[in-house]
Amino acid sequence: MKFSTALTVASIFSTASAFTPSSLRTPVSVATSLNAVSKKDSYDITLLPGDGIGPEITEATKKVLQVLCKRQGFTMNLNEALIGGCAIDAANDPFPQESLDQCLASDSVLLACIGGYKWDANPRELRPETGLLKMRKEMGLFANLRPAKVIDQLIDASTLKREVVEGVDVMVVRELTGDVYFGEPKGIDVINGERVGYNNMIYSESEIERIARVAGDVASKRGGKLCSVDKANVLDVSQLWRDVVTDVISKDFSDVELSHMYVDNCAMQLIRWPKQFDTIVCGNIFGDILSDEASMLVGSLGMLPSASIGESGPGVFEPIHGSAPDIAGENKANPLAMILSAAMMLKYDLDRPAEALLLEEAVEAVLEKGLRTADIKQDGDGCELIGCVEMGEAIAELVESMEIKDVVAV
Ligand code: IPM
Ligand code: MG
């Protein structure tokens, strides 16, 4: 079943800081659910173009959204803000307070990509990635949805065999504000005369419970199969993860078939036979790694959107690819992942499933027409190589002229 409802996660308790040991933490919200946000005539959207190819793909996406709004009779106020390297240059902060305030005051946030060679040698607090982590934490975006759906027209762009990837449709639900990414204590100290580096892999019950609920909900609206990934044969934190996920799913998601898999095995199974997976749920670091792996099943990172959502308030929607500084400003970037991220935003945050579907179908139609940016062009495929601007225009034209399907939100 297609997951086609708008989504927010309702808040009951305020989010506690993940920087304190679990015993000292206030439980985070445990009563999460996926709900439709009411459809409106006018939305305030924050656009975060970021770095590298970000401004180009944002421009292309903006044009598509403007055409979509005109056609469908609603408005989107698209206001830009700074994040990443450009924010470091302008404000000496990878995610300035002003950007955070603007994001929190919007209905939703659409982010392009961040980072570049220029900032690679900066101290950690002045690196673009720190801005991204700060945004996730400050906005309480604890659930990250990363779909990897193989697109028929691009099967040959995958490095795996056609029979392995054909029909693959996996959703990775990654916990995004906990784990070794944010756990304390952490640091590099001198112990017994040598430097020792350490981080803390830590999850509280309530943090696991709320991501398990999101995953249960997502799985029940997709194929009904949920695979929880951990390293419970070695890690205590994973044993707790496994126990809590089992409890939540067996009590409240009786229609979901739950299985467990160790992360090393999952990494192998994703390449061996990815069609066995429907929805995967995992912690932050395992999800970081597995979602990159899952994305390569599809062939190009340039096609993959993602959604990061919290208990309430705006979500952040972004392509999973990086800022590709090597091709920035050359009109070679692929804007399709950002356009598909806008589709996820329409579906999950703005209660506009029909418009989301229209964008998804326009992307499919553009590929069907044989138009390709460089990253998805194969030698001898007979397709036409076009730039980022032309790809945006082609999608906009289709959005203007295509028939819209009647989508009923579930
Ligand atoms: C991702 C990225 C980030 C992460 C980096 C840029 C901090 O790899 O979104 O997957 O590790 O979460
Ligand atoms: Mg990553």
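Laboratory data are not the source of any read-out in this text; all were calculated from the coordinates shown. These figures come from a predicted structure and were not determined experimentally. As a convention, Cβ positions derive from the backbone with ideal geometry for all residues, glycine included, and neighbour counts pool all protein chains shown.
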Would you look at the GNM of the chain, springs on alpha carbons closer than 10 Å, and say which of Arg124, Arg242, Arg222 moves the most?
-> Arg124
Bridge type composition, the chain - antiparallel percent by DSSP, nearest 5 | 40 percent
Highest average packing first - 251-264, 51-64, Cβ atoms within 10 Å | 51-64, 251-264
The stretch 158-272 - charge dipole about Cα centre, Lys and Arg +1 at Cβ, Asp and Glu -1, debye rounded to 20 = 440 debye
How far apart, in nm, are the 7 Å Cα→Cβ label points at Leu104 and Glu368?
-> 4.5 nm
Violations at 28 Å Cα threshold for listed pairs Lys63/Lys332; Lys62/Lys347; Lys137/Lys161; Lys275/Lys347 -> Lys137/Lys161
Ranked Thr46, Thr159, criterion: other C-beta atoms within 10 Å, fewest first = Thr159, Thr46
When the chain is treated as a GNM, springs tying every alpha-carbon pair under 10 Å, which of Asn79, Asn265, Asn233 comes out with the largest mean-square fluctuation?
-> Asn233
Name the most mobile residue of Glu175, Glu138, Glu98, meaning the one with the largest mean-square fluctuation, in a Gaussian network model of the chain with Cα contacts below 10 Å.
-> Glu98
Among 108-116, 270-278, 194-202, how do they line up from the highest to the lowest mean number of other beta-carbon atoms within 10 Å?
-> 108-116, 270-278, 194-202
Using amide H atoms built 1.01 Å from N in the peptide plane, name the residues 5+ places from Met76, or on other chains, whose amide H lies under 5 Å from its own.
-> Tyr43
For the stretch 208-217, Karplus couplings with θ = phi - 60° (6.51, -1.76, 1.60), whole Hz, Gly/Pro x | 5, 4, 6, 6, 5, 5, 4, 5, x, 5
The answer for the net charge of residues other than Asp349 whose Cβ lies under 15 angstrom from its Cβ, with Lys and Arg +1 and Asp and Glu -1, is -2
List, in the order given, every pair from Lys39/Lys149; Lys70/Lys134; Lys225/Lys377 whose Cα-Cα distance in the structure shown is over 29 Å.
-> Lys70/Lys134; Lys225/Lys377
Within the under-13-Å Cβ sphere about Leu301, not counting Leu301, Lys/Arg +1 and Asp/Glu -1 give a net charge of -3
Can you give the helix-only mean residue ellipticity at 222 nm for the chain, where every DSSP H stretch with n ≥ 4 adds -39500 (n - 2.57) and the sum goes over all residues, rounded to the nearest 500 deg cm²/dmol?
-> -11500 deg cm²/dmol
Would you list Cys86, Cys383, Cys282 from fewest to most Cβ contacts within 10 Å?
-> Cys383, Cys86, Cys282
